[in-house]
Amino acid sequence: MSDILSKTIVLVLNRNWQAINIRTPQDAFCQMATNVATAIDIEGDEHIRPVKWDEWITLPVRPQDNAVCTARGAIRVSIGPSTAEAEIDRFLKVWQTLAKSLSRGMKQGIAA
């Protein structure tokens with residue numbers, strides 16, 4: 001997947017762990033490298049922990065992950081422990097529809 005860096009597949013969570021946006025891995029990596037964002041390392045249902053950029057770039061790329069190749073080695077682009085690309089595409093379509101709907105509602109002064 002050569003265009004993985006520009007595909008909007010990274011889920012952004014707020015401090016309450018609520019989904020608030022989606023970004024590209026390129027945007028997420030830039031935010032992580034400047035300590036604006038933290039990643040989440042997920043291994044199964046029981047192992048979920050925040051990870052800073054310095055550690056993220058050392059994590060192994062798992063079979064279910066995508067990767068970005070760099071001069072220093074591959075960097076994990078995780079789409080979740082069991083997420084298929086078709087599920088991501090479906091999620092993005094629904095998310096974009098919802099975002100447009102909410103945007104129209106806000107322009108009309110309707111609160112969700």
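Bear in mind that the values in this text are calculations on the coordinates, not laboratory data. Predicted model only: the values in this text are computed from it and were never measured. Quick reminder, even Gly has a Cβ in these numbers, built from the backbone with ideal geometry, and neighbours come from all protein chains shown.
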Quick one, can you get me the convex hull of the C-alpha atoms of the stretch 4-79 expressed as volume per residue in Å³? 96 Å³
Out of the stretch 1-81, which GluC sites (Glu not before Pro) are coil in DSSP terms and have no more than 14 other C-beta atoms within 10 Å? Glu46
Within the stretch 12-56, DSSP-loop trypsin sites (Lys or Arg not before Pro) with at most 14 other C-beta atoms within 10 Å are Arg15, Lys52
